[in-house]
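Worksheet: one structure, shown below.
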Amino acid sequence: MTPLTVGQALRVVAGRLETAGVAAPLADASLLLGHVLCLGFGEVAAAAALGRALTESQAADLEELTRRRVERVPLQHLTGVAGFRTLTLRVGPGVFVPRPESEITAQWAIDLLGRRPRSASAPVVVDLCTGSGAIALAVATEVPEATVYAVEVSPQAREYAADNLARCPAGARVRLIAGDAREALPELAALEGAVDVVTCNPPYIPPDGVPVDPEVRDHDPPLALYGGGPDGLELPVALAARARRLLAPDGWLIMEHGDGQWPALSAALAGQGWAELADHPDLAGRSRVLTAREQGLPAPR
Ligand SMILES: C[S@@+](CC[C@H](N)C(=O)[O-])C[C@H]1O[C@@H](n2cnc3c(N)ncnc32)[C@H](O)[C@@H]1O
């Protein structure tokens with residue numbers, strides 16, 4: 001049998017993924033081929049242009065990966081990695097796959113830390129609900145003087161986070177803390193009232209908002225998705241209250257939320273005493289991340 005070329009494989013795999021309803025079939029086909037051939041995205045295009053052929057074992061590996069992607073197993077679970085800003089993070093079953101929107105959350109943290117006076121002491125950041133450690137590691141990488149504390153309740157997610165911290169030079173400045181981020185964790189006791197920025201991408205989906213995409217619905221952990229309460233905001237509001245106790249006066253909270261949740265979430269946070277509440281769009285223009293400043297008044301009990 002004539003061996004399959006990279007170009008032919010790209011077309012066949014992309015066609016099967018398109019039929020299965022995968023959102024970006026050609027990009028996914030290219031990334032699966034790159035995974036099998038140990039090539040980067042651009043190198044796959046070059047291999048296709050040069051007429052490179054797959055070995056039998058590579059073709060078999062590609063077939064198995066394609067079959068699973070057709071079943072809508074997330075691409076990142078098949079390749080084992082997810083790109084996030086400058087990082088390549090290990091991900092898989094049991095941990096939330098970091099999303100491009102959260103790169104904006106990290107950017108807000110970096111920008112707000114950059115506004116501090118040059119004379120200020122080294123910044124302290126707390127990332128609540130850290131998952132794979134994506135936001136915590138990105139901030140530690142891009143703000144090299146920062147110390148970051150990353151809180152996560154899921155033991156499975158913490159395994160990925162610990163691995164990602166160990167693989168990244170900036171991981172030495174990130175402390176991973178096990179526990180419920182709503183609680184006054186002993187590891188954070190000394191930081192109460194002294195934190196410069198709290199980042200948080202909490203679970204926020206309401207119970208009637210079960211995601212349509214099988215990659216999310218069937219593969220992201222439920223603990224990472226559903227925020228509790230009728231509107232999904234129980235956990236985000238509780239986490240904002242915890243953030244207020246951690247932050248120094250003039251410290252900032254950066255929190256992700258679902259499109260459409262800003263009115264209810266901002267009203268709840270205004271009631272907690274936050275100042276300068278502002279909403280910001282994601283790359284698609286949807287309302288997705290808020291910033292709020294701790295104004296140093298006593299938090300309501
Ligand atoms: C939407 S994911 C975000 C993960 C990561 N920050 C990111 O952006 O990729 C939410 C994470 O919060 C964790 N989580 C849920 N409830 C929590 C709680 N009460 N305390 C700490 N972590 C929690 C979940 O296990 C999950 O890893």
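The values are calculated or read from the model by the stated rules, or taken from the named source; none is laboratory data. Only a predicted model underlies this, so the values are computations on that prediction, with no experimental measurement involved. A quick note on method: Cβ atoms are made from the backbone with ideal geometry, for glycine too, and the neighbour counts reach across all protein chains shown. Heavy atoms of the whole protein, side chains included, go into the accessibility calculation; ligands, DNA and RNA do not. Shrake-Rupley method; radii C 1.70, N 1.55, O 1.52, S 1.80 Å.
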Can you name every residue in the range 125-159 that is more than 10 Å from the ligand (Cβ to nearest atom) and either open to solvent by 20 Å² or more (accessible area, probe 1.4 Å) or assigned to a strand (DSSP E or B) (or both)? V125, V126, T141, E142, P144, E145, T147, V148, Y149, E159
Residue check, L176 in the same structural domain as V97 (by TED's automatic domain parsing), buried (at least 18 other Cβ atoms within 10 Å of the Cβ) and not small (G, A, S): yes
Residues being more than 26 Å from H77 (Cα to Cα) and of a type in the set (K, R) - total across the range 142-179: 1
Right, G92: part of a loop (DSSP other than H, G, I, E, B) and closer than 28 Å to Q156 by Cα or not? yes
Would it be correct to say that A194 is open to solvent by 20 Å² or more (accessible area, probe 1.4 Å), in contact (Cβ under 8 Å) with a residue 60 or more places away in the chain, more than 29 Å from R69 (Cα to Cα) and away from the ligand (no atom under 16 Å from the Cβ)? yes
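Residue by residue, here is whether (1) free of Cβ contacts under 8 Å to residues at least 40 places away in the same chain; (2) over 22 Å from G21 (Cβ atoms); (3) assigned to a loop (DSSP other than H, G, I, E, B); (4) open to solvent by 20 Å² or more (accessible area, probe 1.4 Å) holds:
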| residue | (1), (2), (3), (4) |
| --- | --- |
| L39 | yes, yes, yes, yes |
| G42 | yes, yes, no, yes |
| A46 | yes, yes, no, yes |
| G51 | no, yes, yes, yes |
| S57 | yes, yes, no, yes |
| L62 | no, no, no, no |
| T66 | no, no, no, no |
| R69 | no, no, no, no |
| V73 | no, no, yes, no |
So which strands (runs of 3 or more DSSP E) stay within the range 183-301 end to end and still have 1 or more residues that are within 23 Å of the chain's Cα centre (by Cα) and hydroxyl-bearing (S, T, Y)? 195-200, 287-293
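So that you can scan it fast, the table gives a plain yes or no per residue for (1) of a type outside the set (F, W, Y); (2) within 31 Å of the chain's Cα centre (by Cα):
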residue	(1), (2)
D28	yes, yes
L33	yes, yes
C38	yes, yes
F41	no, yes
A46	yes, yes
S57	yes, no
A60	yes, no
E64	yes, yes
R68	yes, yes
Which numbered condition in (1) touching a residue at least 60 places away in the same chain (Cβ under 8 Å); (2) at negative phi is the only one that T130 fails? (1)
Cβ-Cβ below 8 Å, separation at least six or inter-chain, first residue in the range 144-166 and modelled with pLDDT of 95 or more, second among the acidic types (D, E): which pairs? V148/D127; Y149/D127; Y149/E187; A150/D127; V151/D127; V153/D180; R158/E152; A161/E152
